[in-house]
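Chemist: This structure is in structure tokens; I'll ask about it shortly.
No lab work stands behind these numbers, since they all come straight from the coordinates. Quick caveat, the model's predicted, so the values are computed rather than measured. Ideal geometry is used to build each Cβ from the backbone, glycine not excepted, and the neighbour counts take in all protein chains shown.
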There are 2 protein chains.
Amino acid sequence: MNSLDTAYAALADPTRRAILSRLALGQATVGEIAEPFPISGPAISRHLKVLEEARLVTRTRRGQSHVLRLNPEGLRSAQEWLDHYRAFWTGALDRLADHLERNPHKPGKE
Amino acid sequence: MNSLDTAYAALADPTRRAILSRLALGQATVGEIAEPFPISGPAISRHLKVLEEARLVTRTRRGQSHVLRLNPEGLRSAQEWLDHYRAFWTGALDRLADHLERNPHKPGKE
DNA sequence: CTTGAATTTAACTGATAGGTTATTTAACTA
DNA sequence: TAGTTAAATAACCTATCAGTTAAATTCAAG
């Protein structure tokens, strides 16, 4: 499983996106992250593990507490794949290509 | 399941990302899409259904063939969620915030 | 109206995901 | 050394996913 697989899989879960939103406000411990969610600690723990393995967050230990932070690296690479195709679905170039495809000059083979 | 869930879940699969890459080159029928892949027709059919339900592609029927195209709308909305957080993990603002979090002015409660 | 081609649907299988509760690990504190 | 707190791991359950092969659908063409 490559890094994009894990990144997008991680983003597919709304709880994990909410955790990322929380972390965009600033670092937090596991307990602080878990607090607003109606699910068990272990469930949060595994969500965090998924985010960490997807390189979307990093963890540092401070005593018994684990501090989580967003990881710019992983987030950026998740974005790059989509960015690569941005040209195809924004602006005039996209509409032109689409138009040409839908209306071929000659009704040739296809 | 909201639209972001399905979009990111769709993007998590490498076969489906490859299909999107193919469609970035231009529209294609199911058969044309399936051709380079070593998996069965039904498997491709279901990948396409997933992409369609995630609004990442659109389908039009032309006789017995189904023609698939990228759907700018869905792709854009998938990108917007990440875009919203871009400021948090790029540039100086990010580094500043991170620095402040790691080095609080006063060693207060926490 | 039968045949053939493009595609989907059905039925099944093995693996993975997300949740639970109970147990364990690790670090702080009296 | 206990006891307490923060978090992870284990064991388990159910649902969903990605693949398969076989059957059904849909449309075009004789």
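Chemist: Would you pull out the residues with amide H under 5 Å of A:Ala28's amide H, same chain only if 5 or more places away, H placed 1.01 Å from N?
Modeler: Correct list: A:Leu68.
Chemist: Report, as an integer, the average count of C-beta atoms from other chains found within 10 Å of each Cβ along A:61-74. Show your work: numbers first, answer last.
Modeler: Details: counts 0, 1, 0, 0, 1, 0, 3, 0, 4, 6, 1, 9, 1, 1.
Across A:61-74, the average partner-chain Cβ count within 10 Å equals 2.
Chemist: Calculated FRET efficiency, A:Thr15 and A:Gln64, Cβ-Cβ r, R0 22 Å, to nearest 0.05? Working shown, then result.
Modeler: Working: r = 24 Å, r/R0 = 1.07.
In this case the efficiency is close to 0.40.
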